[in-house]
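The values are calculated or read from the model by the stated rules, or taken from the named source; none is laboratory data. Small disclaimer: the values here were computed from a predicted structure and weren't measured. For neighbour counting, all protein chains shown are included, and Cβ atoms are generated from backbone atoms with ideal geometry for every residue, glycine included. In case anyone asks, the SASA skips ligands and DNA or RNA and just uses the protein heavy atoms, side chains included. Shrake-Rupley method; radii C 1.70, N 1.55, O 1.52, S 1.80 Å.
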Amino acid sequence: MKKILTAILSAVVLFPTLAGEKHDLKVVNVGPSQTMVRIHAIDNYLMLPVQESVDDSKVELLVNGKIVKTFYVRLANNNVDYTVPFNLSPYKGENVVLRVTAPHSQTVLNTSLHPGKQTVRKELWLSDLKLADTLNVSNTEKYRPVYHHTPLYGWMNDPNGMFYKDGVWNLYYQWNPYGSRWQNMTWGHSTSTDLIHWEHQPVAIEPNDLGSIFSGSAAIDRNNTAGFGENAVIALYTSAGDYQMQSLAASTDDGLTFDNYADNPVITLPTEARDPNMFFNKETGLWNLVLAHALEKEILLFTSPDLKTWTLASHFGKGLGARDGVWECPDLFELTVPGSGDKKWMMIVNLNPGGPFGGSATQYFIGNFDGETFTADTTPGGYVPTKWLDFGKDFYAAVSWSDAPANRRTVIGWMSNWQYADQVPTLQFRSANTLPREIGLFRGADGQYYASSKPSPELLKLRQQASVSLKNVNINRLGHTVELPAANDGICEIVVDIVSNNNPVRLTLSNAAGDKVVMAYDSKAHLFTFDRTQSGNVDFNENYPALTVAPTFENNGKISLRIFIDRSSIEIFEKDGKFAMTNLVLPTEPFSQLNINSTSGNARLSGVTVYPISVENK
């Protein structure tokens, strides 16, 4: 698809600007459940009307009588929820045919009016097909984020294939261009020079004869080990057809377009495996790859000299970690231990279901890697503890950018949960990515190494001049209330420094509609909690209302927090990254106030600063 738009993180909703004449589009019914749509491709887009409550229709694109593309879309039967564009640009001047097989018959028997005869009922989508030359990209979605990455339209889940090259952060993602539910898995693509503003690029890798394009990874082949040229970008992904196989694609234009390797697949297994994630190991001179052996709940580790021929080196994870769901989206990378210069390795394993608060979540293991085998650290008793990278409900499929500058390990996740992701009350798009975050290490009081997670430094550029700046405020049961910036719907970053004096401290976000999010710091229990059960729109799924809990890893009754509020999310970070918590919130109107009180005595706020957030002119 042609480059649609240069956009800020908040993408936009599409509606057609009509163009073309009626004679450019002709509908021919060829059977009770099949329709041919003949188009002389003069315009850029065919707008397809979608109704989410119906089943998928199968659409085959024929050019000169040959099927060149197959996809699925919930074509409207009796109500149009929104429209999605089908890109006709590659077929300009051609006579193309869309062969549509509907899940329900267009022919119905009406015996009361015409005994013994059939009448044809025309589906709504047939009368609502429109040709368009351009797309109107103004946002009408109440809950579309302002400063988080979202797809321009359609469904999005796992971020994948991310790499950094020549000052550009490349973010690929699992994308359905033809609706806001999971289907037609494709690699969408966005780029950024600052991790804040994102430019939507053409689709990177589309489904092919081997199947849909599931998650994977990308890296720069600096030494031309695969034979596609020095500094070619190599992608490995899961081909998901009748079986799951691992396939390779190469790009010689910095990841804008990819050519599939002629001898795909490069890895086949008799059991379900997916989400290959590879990196070049400078110590061994070989490529390493981690692959989720999903149903066996283990990670397979491979080596390769050329990215094409892979040798299974070891297995990791049998009997370890959280195991209530399938294992997916692994990552493996080296980190430096602060203050010592020692190295440790971190294995990320995403899990669905089985997260600490239900549904999907991201666990990790700290240990050692010798180029073939990963060995997790244990407690003195020989136990491998389960550790969580984020303590919210809405952080999943977290993986890192390859080739990031200055040895950074920058991670981003999908900001939703498989329990309710396709029911979140948006239509034209579904799902955002989390804020990017930097991963490091710290040692807990128990002697274990844990992952730290801090907002990427580029996010400081989001801050406008502080609207609130307080120092040394004593708080009691009534607490202290600060106003959030009304001019931009309360979208802000809040920095709070709390001295608890061993008393519980509660932070309550609220609005005039009575919605509220209640956060609490309990210094005696060393816990931070987040309650969204009264946060606004919470009734669309029974699993959505939730209380999430994080260990604070502090021991002095003090905590400093960075709280990021967007239109439909709140992300909280301990200032040194000792915990992170990501939760969707869907208030009926923007939050306007934050009250901080001490529920059983007196505490002190050594600082409270509210920074309005804007992505303009950054």
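At-a-glance table
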read-out: Test: residue in the range 256-276 that is of a type outside the set (Phe, Trp, Tyr), over 24 Å from Asp209 (Cβ atoms), surrounded by 15 or more Cβ atoms within 10 Å (Cβ to Cβ) and in contact (Cβ under 8 Å) with a residue 24 or more places away in the chain; value: no
read-out: Where a residue in the range 574-591 is within 16 Å of Phe391 (Cβ to Cβ) and open to solvent by 60 Å² or more (accessible area, probe 1.4 Å) and its partner, wherever it lies, is of a type in the set (Gly, Ala, Ser) and assigned to a loop (DSSP other than H, G, I, E, B), with Cβ under 9 Å and at least six apart; value: Lys578/Gly444
read-out: Verdict on Leu435 being assigned to a loop (DSSP other than H, G, I, E, B), closer than 23 Å to Leu561 by Cβ, in contact with an Asp or Glu (Cβ under 8 Å, 6 or more places away or on another chain) and among the aliphatic types (A, V, I, L, M); value: yes
read-out: Cross-chain or 6+ apart pairs with Cβ under 9 Å, the range 314-330 first and more than 17 Å from Trp418 (Cα to Cα), then assigned to a strand (DSSP E or B) and open to solvent by 60 Å² or more (accessible area, probe 1.4 Å); value: Phe316/Thr375
read-out: Restricting the range 551-573 to residues that are touching a residue at least 40 places away in the same chain (Cβ under 8 Å) and of a type in the set (D, E, K, R), the residue that is surrounded by the fewest Cβ atoms within 10 Å (Cβ to Cβ); value: Lys558
read-out: Hey, Leu427 open to solvent by 20 Å² or more (accessible area, probe 1.4 Å) and over 30 Å from Asn223 (Cα atoms) or not; value: yes
read-out: Spans of strands (runs of 3 or more DSSP E) in the range 493-587 with at least 3 residues among the charged types (D, E, K, R); value: 558-566
read-out: Where Ser453 falls short, out of the listed (1) modelled with pLDDT under 95; (2) buried (at least 22 other Cβ atoms within 10 Å of the Cβ); value: (1)
read-out: Extreme residue, nearest to the chain's Cα centre (by Cα), among residues of the range 130-184 that are of a type in the set (Asp, Glu) and not in a loop (DSSP other than H, G, I, E, B); value: Asp158
read-out: Per-region count, the range 74-98, residues in contact (Cβ under 8 Å) with a residue 60 or more places away in the chain and either in contact with a Ser or Thr (Cβ under 6 Å, 6 or more places away or on another chain) or exposed (fewer than 15 other Cβ atoms within 10 Å of the Cβ) (or both); value: 1
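Condition check ((1) within 18 Å of Lys578 (Cβ to Cβ); (2) open to solvent by 50 Å² or more (accessible area, probe 1.4 Å)) across all residues:
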residue	(1), (2)
Arg323	no, yes
Glu334	no, yes
Asn350	no, no
Pro385	yes, no
